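The values are calculated or read from the model by the stated rules, or taken from the named source; none is laboratory data. Because the structure is predicted, anything quoted here is derived from the model rather than measured. As a convention, Cβ positions derive from the backbone with ideal geometry for all residues, glycine included, and neighbour counts pool all protein chains shown. Side chains are part of the model used for accessible areas, which takes the heavy atoms of the whole protein and leaves out ligands, DNA and RNA. Shrake-Rupley method; radii C 1.70, N 1.55, O 1.52, S 1.80 Å.
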Amino acid sequence: DKTYLDEWDTFINASELKGKDANIKLSTIIHNKTGEEKNCRVDIKILSPAGKQVYTESQSCKISEETPIRTSFVLQKAELWAINSPVLYSAEISVYLEEKVCDKLMIPFGVRTLAVSAEKGFQLNGQTIKLKGGCIHHDNGLLGAVAIDRAEERKVELMKANGYNAVRCAHNQVSEYF
């Protein structure tokens with residue numbers, strides 16, 4: 001469609017906590033390649049890790065070639081993403097023209113805080129964690145530089161099984177799946 005969303009333009013910041021509630025900031029850009037301004041509606045739904053709808057919002061707007069959309073809201077009693085419990089929420093963003101969906105994105109995100117200091121080192125959700133990691137290349141050994149989803153997943157499984165909780169990707173870009 002000539003009116004669309006791009007996942008690389010979509011950003012969700014879920015790193016600010018107040019007690020058990022998370023302040024979420026979401027931004028995206030609606031692209032309109034029709035050459036004319038249009039009226040549209042943007043629906044935002046947030047699904048919990050269990051798949052339950054926990055937030056919804058609808059915005060009407062006039063879109064030109066590139067129209068930024070921003071919103072912020074509070075998720076009450078947010079479940080935190082952690083190394084041993086990597087729970088993810090999902091943001092479903094839909095663009096409607098004349099009550100017809102012209103594009104929809106589903107973006108996963110985790111709620112967590114990150115901090116680094118000389119005194120406490122790296123902290124995830126207020127807890128100090130020792131980083132144990134390695135440097136990897138984009139390839140998959142004997143399989144070569146081909147990006148096979150299961151091979152990328154297995155690479156992470158092997159690293160975790162060997163006690164790694166951090167990774168540095170070497171000079172060549174890793175696959176999007178990794």
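Miscellaneous remarks
- Residue range of the chain that is longest and free of trypsin sites (Lys or Arg not before Pro) which are both DSSP loop and sparsely packed (at most 12 other C-beta within 10 Å): 133-178
- Here the gap between residue 99 and residue 37, fully extended at 0.36 nm per residue and compared with their Cα-Cα distance, gives a gain of 20.7 nm.
- Placing a pseudo-label 7 Å from each Cα along the Cα-to-Cβ vector at residue 147 and residue 4 gives an inter-label distance of 1.7 nm.
- Residues in the stretch 88-130 reached by a label modelled at residue 60 [backbone nitrogen below 17 Å; 7 Å Cα→Cβ]: 95-101
- Per residue of the chain, the DSSP helices (runs of n ≥ 4 H) give a summed -39500 (n - 2.57) that works out to -2500 deg cm²/dmol at 222 nm.
- Rolling a 1.4 Å probe over the heavy atoms of the protein chains gives the chain an accessible area of 64 Å² per residue.
- Over the chain, relative contact order from alpha-carbon pairs under 8 Å, at least 6 apart, %: 18 percent
- Exceeding the 31 Å Cα-Cα cut-off - candidates 2/45; 18/52; 45/120: 45/120
- Candidate lysines for bridging to residue 155, where Cα separation is under 16 Å - those fewer than 8 sequence places away on the same chain excluded: 132
- Shape call, the chain: gyration tensor on alpha carbons, a/c limit 1.5: oblate
- Accessible surface of the stretch 43-176, 1.4 Å probe, proportion on carbon and sulfur as whole %: 51 percent
- Charge context of residue 177, other residues only, Cβ under 11 angstrom, K/R +1, D/E -1: -2
- The smallest convex shape that holds all Cα atoms of the stretch 35-134, its convex hull, gives 167 Å³ per residue.
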